[in-house]
Each structure stands twice: as structure tokens, then as C-alpha cells.
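A short reminder: the numbers here are calculations on the coordinates, not readings from a lab. Since the model is a prediction, treat every value here as computed from it, not as a measurement. FYI the Cβ positions are ideal-geometry reconstructions off the backbone, even for glycines, and counts take in every protein chain you see.
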């Protein structure tokens, strides 16, 4: 296993916005290299941190790096979307904060054999949880033409999706990331060759999102966390692309508005009340200092909401 190096994006901003109480209960739903988790655990005195990650390698690192904090920490290998079950299994009714650092980790990108990166030739994998059945190989080689077009359009926002999908279908079976890269590049029209690596990046993003169902779990997780949160508790979420950020923003807005009645109704009949207030009207972005040491933080956006 290569060294699990991980820059904790927007670290100080996350910790500040969590408003950590020493005796509070906090969930780091994407604990990764334990950078954020370590800073939360440092601030606890009588409280509890629940780091969650679905990645086997991450769990090993989290266990090692958080060992000094002893019984302040309860580590769980799971997908953060199962937060309700995780809390029930631990006998916890309410939490005081949730942190999510969405997307793929630096370690996952840098470990070539995991198949996340288009910069190294490796088996088509991209599973964040190696217990999962569906891999990038499954998506690339078994999805229909229409399914492939849909995910590359929706999750990659790639305009040459039909040409790329045609190239994939004609080349099946596609076994490695290197083969997929070449197919994508050859599928880009000559007038757009300067953009070919951008297309590669977008297609890999789309396949990764599909493999791990990354977008499907965001809104339900936020809703579950809000329902399990004490008043004054904070939800702090880092996103790395517009699709994630849009879901977080829309979910926050829905939970903050309460009423779901059609706008032309003269009075509210649904009875829904606001559950959160939005702390960040605009997302918090990385500082120039952070960008100078971690270029991967460039697209990061941090949004914060508080339980009413």
C-alpha cells in the first residue's frame, strides 16, 4: 500500500464551522486520511468522534492515526449514506455535527492499481469499496449504449459522449484505464483535439460517479443527518464539482424553506417547518495559501448549515 498522504482540504475552515463542543458527538463521514478527524478528536473532552469510510485502506490508516485518541473514537467501515443505521448500531440518538469531504481522495487517485487515475495504466476498477460488485469494468463493458451516453452526459457533462460511447462499444472488451484513455482521445473530433484531456477527465469522473453512486447518496444523507442532529449542530460539506455542489445547495435550500406547497397556494397546507438555517450564503473557497500547497483543492467549495 502506498503512503496514504492526504491534504485535508479547507481544514481550518471545516473545524471552525463545526463549532465543536468538547462533549459533543461528531461524525466524519469521509474520514480518509484522518486529517479532519484528528483535528476534531483533539478538541473533544468527554465527547465522541465517529469516523466513517468505506475504503479498506482508509480504515487501516484511520485506525492507526486515531489510536492516540482511544475511546474518544469509534471507527466504522461503511458508506456515509448509512449514517442512520451506523448511529442506531452504536446506540446514539443525536449528534452535534457531520463533516463530508466528497469525491475521490488523493490516495485513491495516486494508487495506480485502484484504477481511478487516467495518468497510469491499470485495471478498470474505481471502486471506493472493494466489496462492491460493480466496477468501472462493469460500466464500460456491460452497460448499454443509452446507459453509457446518459452517464457521460449527466455525470461528465461531456459533449462528445455519443462518439466516445461508439468508440467504447467498438473496442469492447476494454480492460485497462490506458485502453480507455486511448479510445476517448481517438473519439474526439480533430477540431477539438486540444480539449482531448479534458474529455478524458470528464469521462473518468462520470464512470467513477456511476460506479460508486456518489450523487445518489448526498441528499438522503443530509436529510438523515438533520433528523439525527441536536439543535445548533452543524453540517459541513466540501464538494469538488458542480454536480455535487448543486445537490448540496438545493438540499440545504429545501430543508431551510420548510414549506413544500406549490407557490400558487394561498396558505401552507403541508405543515413542513424549516429544519436548518444556512450559514454560508455563498460557499467558502480555498485560500491562496492553500492553493499554493495543494492544487487539487482548486475546485473545492464548502457549505455549512445549522440545525434549528
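Please give the contour-minus-distance gain from residue 291 to residue 93: 0.36 nm per residue of separation, less the Cα-Cα distance, rounded to one decimal in nm. Could you put the intermediate results ahead of the total?
Details: separation 198, 0.36 × 198 = 71.28 nm, distance 3.85 nm.
Extra length from residue 291 to residue 93 when fully extended: 67.4 nm.
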Report summary line: residue 298 and residue 12 label points (each 7 Å along its Cα→Cβ direction) are spaced in nm at 2.3 nm
Report task. Using only C-alpha atoms and all pairs of different ones, pull out the Kirkwood radius for segment 88-144 in Å with one decimal. Result -> 13.9 Å
**Report entry** For q = 0.08, 0.12 Å⁻¹, Debye-computed log10 I/I(0) when each Cα of the chain counts as one equal scatterer
**Finding:** -0.39, -0.84
**Report entry** Overall dimensions of segment 165-308 as given by Cα atoms, namely Rg and Dmax in Å
**Finding:** 20.6, 59
Report summary line: Tilt, helix 145-156 to longest principal axis of the chain (alpha-carbon atoms), in degrees rounded to tens, equals 50 degrees
Query raised in the report: Please report, for the Cα atoms of segment 131-213, the Rg to one decimal and the Dmax as a whole number; what are they, in angstrom?
Result: 11.7, 42
Query raised in the report: For the residues 101, 71, 28, what sequence is obtained by ranking on other C-beta atoms within 10 Å, fewest first?
Result: 71, 101, 28
Query raised in the report: Between the helical axis of 56-65 and the dominant principal axis of the chain, each derived from Cα atoms, what acute angle in degrees is found, rounded to the nearest 10?
Result: 40 degrees
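How high is the relative contact order of segment 159-224? Use alpha-carbon pairs under 8 Å, at least six apart in sequence, and give a whole percent.
Rounded, it is 25 percent for segment 159-224.
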Query raised in the report: Ranking 100, 255, 11, 87 by Cβ neighbours within 10 Å, fewest first, what do you get?
Result: 11, 87, 255, 100
Query raised in the report: Based on the Cβ-Cβ distance of residue 223 and residue 170, what FRET efficiency does E = 1/(1 + (r/R0)^6) give at R0 = 51 Å, to the nearest 0.05?
Result: 0.75
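Please give the length that would be gained between residue 197 and residue 272 if that part of the chain were fully extended, namely 0.36 nm times their separation in residues minus their C-alpha to C-alpha distance (nm, one decimal). Don't skip to the answer; put the middle values down first.
On the way: separation 75, 0.36 × 75 = 27.00 nm, distance 4.65 nm.
That pair, residue 197 and residue 272, stretches by 22.3 nm at full extension.
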Query raised in the report: Relative to the longest principal Cα axis of the chain, at what angle does helix 161-171 sit, 0 to 90 degrees, rounded to 10?
Result: 60 degrees
Query raised in the report: Fewest first, what order do 229, 119 take by the number of other Cβ atoms within 10 Å?
Result: 119, 229
**Report entry** Where only alpha carbons of segment 229-308 are counted, the Rg and the Dmax (Å)
**Finding:** 15.9, 53
Report summary line: With -39,500 (n - 2.57) per DSSP H segment of 4 or more residues and division by the full residue count of the chain, the 222 nm estimate, nearest 500 deg cm²/dmol, is -12000 deg cm²/dmol
